[in-house]
Amino acid sequence: MGKLRLVSTKKYSFGFVVLAVLVLLLLVGLSLFFIIRYNKKYGNMPTDAELQQAWDAHEYDSVRTLADRVLEVKPFDARMHALRGFATYYIASAQTSETDLLVYIDDCIRSLRKAIHLIDEKELPRLYYILGKAYYQKGEFYYDLAAAYLEKVAELGYEFEDLHAFRGMAYSQLGETERAISAFTEQLSDDTDEFLLYALAKNYFAIQNYDKAKMYLTEVTEKARDMLVQLDCKSLLAEIYLSENLYDKARATYQDILRIDDTYADAYYGLGVVYEYLGDVVRARAEWRNALKANPLHARSLEKLSLN
């Protein structure tokens, strides 16, 4: 009986060793499997330093690529969606083709709208700011969304360099003239560019505050380097003279524009309106035809010729 027990113990010991070895091999195999899987999944993850370096260098295509690598692994990473959206907006702003611009703008909006539901509340103002600008650049049917998001930033008390200019442009496009004036006025500074001053003048003209409009037009003409802006200012000034029944001043201003640029269709149209007010329909029609020579699609001249 003792020998039988001895043989049984040896067999038990050998079987236990084999089982232990198999378990050990299984554990080693599983460990290797998870290590390889982890490396495959996370080994290609960019570091924060890489992302920051690409951002600081304004390499926005690289930022998008790095963010996409993170999002493949972490699809709900709000910071990466936001960063990708910001980078895409700056890429969009550099496009010269409207088609390419809109493709990037749509991509930007998708990324930012994903981030908006996931990101920390303290990060929302910057996200609203870029999203508002993106909607503005998307065009006519999105100005209301642009204004809404930009207004949220203003209500939260945050300031960005061109926030109020974009608010003003959005409200101006929506026909909310008083709100546009308020926003543009908040943007004013000692170095305000001529485009914003001209926008202010146009909005004051829209509410028939001609004195304020002329004040800003005078400031624009003193500082404008862009010839087209100067001509647009003169044209708006001539319209103000027409509204004030100062026909001689209006005619002189339009003629001054045409001495500078004889292809400026609005000036021919304006001269036609002057002659119409003065009762000279023949000369008025001649000027509207001149406007169509300069711009065959000049809508207001086409309308005048169809009525007179």
Exercise for review: Quickly run through the stretch 74-112 and pick out the residues that are surrounded by fewer than 23 Cβ atoms within 10 Å (Cβ to Cβ) and β-branched (Val, Ile, Thr).
Suggested key: 91, 96, 99, 103, 109
Exercise for review: Return the total of residues in the stretch 136-152 being touching a residue at least 24 places away in the same chain (Cβ under 8 Å) and aromatic (Phe, Trp, Tyr).
Suggested key: 2
Review point. Can residue 120 be described as over 23 Å from residue 184 (Cα atoms) and open to solvent by 80 Å² or more (accessible area, probe 1.4 Å)?
Key: yes
Practice item. For the stretch 265-297, name all the residues that are within 17 Å of residue 239 (Cβ to Cβ), touching a residue at least 24 places away in the same chain (Cβ under 8 Å) and of a type in the set (A, V, I, L, M). Key: 265, 267, 273, 274, 278, 284, 291
Check your understanding: Taking the stretch 156-192 only, how many residues are in contact with a helix residue (DSSP H, G or I) (Cβ under 6 Å, 6 or more places away or on another chain), more than 18 Å from residue 203 (Cβ to Cβ) and open to solvent by 70 Å² or more (accessible area, probe 1.4 Å)?
Key -> 2
Practice item. Scan the stretch 193-219 residue by residue and report those that are more than 21 Å from the chain's Cα centre (by Cα) and open to solvent by less than 60 Å² (accessible area, probe 1.4 Å). Key: 201, 203, 204, 205, 209, 210, 213, 214, 216, 217
Practice item. Find all pairs meeting these conditions: Cβ atoms under 8 angstrom apart; at least six residues apart or on different chains; first residue within the stretch 226-239 and without any contact (Cβ under 8 Å) to a residue 40 or more places away in the chain and closer than 16 Å to residue 215 by Cβ; second residue of a type in the set (Asp, Glu) and open to solvent by 10 Å² or more (accessible area, probe 1.4 Å). Key: 234/256
Exercise for review: State yes or no: is residue 153 buried (at least 22 other Cβ atoms within 10 Å of the Cβ), within 29 Å of residue 106 (Cα to Cα) and of a type in the set (Val, Ile, Thr)?
Suggested key: yes
Check your understanding: Just one of 221, 177 is out of contact with any Gly (no Cβ under 7 Å at 6 or more places or on another chain), without any contact (Cβ under 8 Å) to a residue 24 or more places away in the chain, of a type in the set (Val, Ile, Thr) and within 25 Å of residue 244 (Cβ to Cβ); which is it?
Key -> 221
Practice item. Please tell me if residue 62 is surrounded by fewer than 20 Cβ atoms within 10 Å (Cβ to Cβ), over 18 Å from the mean Cα position of the chain (by Cα) and hydroxyl-bearing (Ser, Thr, Tyr). Key: yes
Exercise for review: Answer yes if at least one residue in the stretch 209-217 is modelled with pLDDT of 95 or more and in contact with a Ser or Thr (Cβ under 8 Å, 6 or more places away or on another chain), and no otherwise.
Suggested key: yes
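The values are calculated or read from the model by the stated rules, or taken from the named source; none is laboratory data. Since this is a predicted model, take the numbers as computed values, not measurements. Cβ sites come from the backbone with ideal geometry, for glycine too, and all protein chains shown count toward neighbours. What goes into the accessible areas is simple: the full protein's heavy atoms, side chains included, and nothing from ligands, DNA or RNA. Shrake-Rupley method; radii C 1.70, N 1.55, O 1.52, S 1.80 Å.
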